[in-house]
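The values are calculated or read from the model by the stated rules, or taken from the named source; none is laboratory data. Small disclaimer: the values here were computed from a predicted structure and weren't measured. Cβ placement follows ideal geometry from the backbone for every residue including glycine, while neighbour counts extend to all protein chains displayed. These area figures cover heavy atoms from the full protein model, side chains too; ligands, DNA and RNA do not enter into them. Shrake-Rupley method; radii C 1.70, N 1.55, O 1.52, S 1.80 Å.
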Amino acid sequence: MRIVWLAAADARGHLMRAHLARRLLARVGVRVTLVTTSEEGRAFLAALGAPSEVLSCHYSVAFDARQNMARAATEACVLRYMVTPSRGPRDLARLSDLCRGAAYVVNDFHPLLLLAGARGHGGAHALPCPVVHVHGENLWRAIEGNFHGRCPALVDRGFGALVRALRGRAHARIEHTFDAPFAGSRDPSRRSYRLLPLIAAPGRSAAEVRAELGVGADRRLAAVYLNPHFADPALATALSRALAAEGYAVHGVAEGLAQYPGFRPYDARFADVAAAADLLVSAPGMGAVGMARLFGVPFLALLTDQPEQRENVRFLAAPSGGSASAANAASAARSSATFATVDLAAPGGLERRLREAAAELAARGGRALDRPSPAAVVSAIHGVWTDVLTGLAPAAPAAGRARFASHLASNKAAPKEVHP
């Protein structure tokens, strides 16, 4: 079986999920063709060892140098993309060629495939296979509410109804959210799944990572990830100074700040570093929130004008058993993630506010080497994603339902009350 996975390169969470899905599905004999939307996105995937195709570079979401979303510029880009024959329509024709022989195509997450719908909807460039939407719960809320407070209520409600109707045409959809039960949930009538987010499992122990980085057990380690939209050197300076002042060794990954001391553009094993760290610093995308909750690492969340990420912060305060292994998760105490937020647009000295947040988390967090490995819990979530994705092919729905049902049944042993 082969599937096509179209992952937008606006940030890097879509790409990381596509990479992980490709790797997981390869283990069960499913080939995944990755398609993305920029040369930079292709370079990111290549750094992870995943080859990909670039659909085109015409579609993108606009941000400033501190990841604040530029809505008007984004909306103009999307409109121009959709109506210009050499852009959206040409991309749809090319995607149709890439999808020939595929069981289905995953939309993670691109407006073109909202319009393409499912097999049988017609059109000059109708796709030859069904569409499966994969999106975050809060990302979808942000899409539905894009015009909220900016247009008359009638327009706002009409747009929300339109995108819901377009999404409903698809073969299936997977919504990832920390509000999902451990083994996921599904609505068979709508072929709708809710799963915990897909994140990378650490492949090295905390002791091994810290030894390789030259960070002893008596020193604090901060894992910093800034997506490519962070390109303001002043932010890198403030972060580096604040963390150094609190005694942290910094392992920084930031494509937009790779030229800055202490940062590198890529790290294919960043999950290992995050799991071994005393502090994780990032914007609160689902990947970073997932690491904070599943790994149990204290999290300093950088808030910007990106609505779904601000909504993601609520997951950090929700009860979590994320530091528990699969074997003992059922008896793990329900606790909240250790986190603090710093709004990059708030008044006051940024370096001072970052340092205060880092100091607060250092006082509240335990030793990284004392945390249990999250590998078993992450592996169990990987298994649920694998079974759902393999069961979505129209030719083999029964097998997929049976595998998914086995995970739901096993939820009696793995915790119903624990949401890693």
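Let me spell out the model: positive unit charges on the Cβ of Lys and Arg, negative unit charges on the Cβ of Asp and Glu, origin at the Cα centre of the stretch 195-270. What dipole size does that give, in debye rounded to 20? Provide the component values of the computation, followed by the final result.
On the way: 7 positive and 7 negative charges, 23 e Å.
Result for the stretch 195-270 is approximately 120 debye, rounded to the nearest 20.
Rank PRO89, LEU55, ALA103 by how far each Cα sits towards the positive end of the charge dipole of the stretch 50-108 (+1 on Lys, Arg Cβ; -1 on Asp, Glu Cβ) and give me just the farthest.
Towards the positive end, the residue furthest out is PRO89.
Mind putting a number on the dipole of the stretch 122-216 about its Cα centre? Charges go on the C-beta only, +1 for Lys and Arg and -1 for Asp and Glu, and I need it in Debye to the nearest 20. Don't skip to the answer; put the middle values down first.
Numbers: 13 positive and 8 negative charges, 73 e Å.
The calculated dipole for the stretch 122-216 is roughly 360 debye.
Measuring with a 1.4 Å probe in the full set of protein chains, what accessible area per residue, in whole Å², belongs to the chain? Walk me through the numbers on the way to the answer.
Numbers: 16650 Å² over 420 residues.
Using a 1.4 Å probe on heavy atoms only, each residue of the chain averages 40 Å².
In debye to the nearest 20, how big a dipole does the chain give about its Cα centre with +1 on each Lys and Arg Cβ and -1 on each Asp and Glu Cβ?
Dipole about the Cα centre, nearest 20: 1160 debye.
Looking at the stretch 183-281, which trypsin sites (Lys or Arg not before Pro) are in a loop (DSSP not H, G, I, E or B) and have at most 13 other Cβ atoms within 10 Å?
ARG219
Between ALA363 and ALA46, what is the spin-label point distance in nm, taking each point 7 Å from the Cα along the Cα→C-beta axis?
4.8 nm
Give, as a single signed number, the net charge of other residues whose beta carbon lies under 15 Å from the beta carbon of LEU257, with Lys and Arg counted +1 and Asp and Glu -1.
Spelling it out: positives minus negatives among the neighbours equals -1.
If you roll a 1.4 angstrom probe over the protein chains with everything in place, what fraction of the accessible area of the stretch 9-69 belongs to carbon and sulfur, to the nearest %?
It is 51 percent, rounded to a whole number.
When the chain is fully extended, how far beyond the present Cα-Cα distance does GLU39 get from ARG71, taking 0.36 nm per residue of separation?
Contour length minus the Cα-Cα distance gives 9.2 nm.
Stretched out fully, how many nm does the piece from ASP64 to ALA234 gain, at 0.36 nm a residue minus the Cα gap?
On the way: separation 170, 0.36 × 170 = 61.20 nm, distance 1.36 nm.
That works out to 59.8 nm of additional length.
Give the residues of the stretch 265-292 whose amide nitrogen is closer than 15 Å to a point set 7 Å from the Cα of ARG219 in the direction of its Cβ.
277-279
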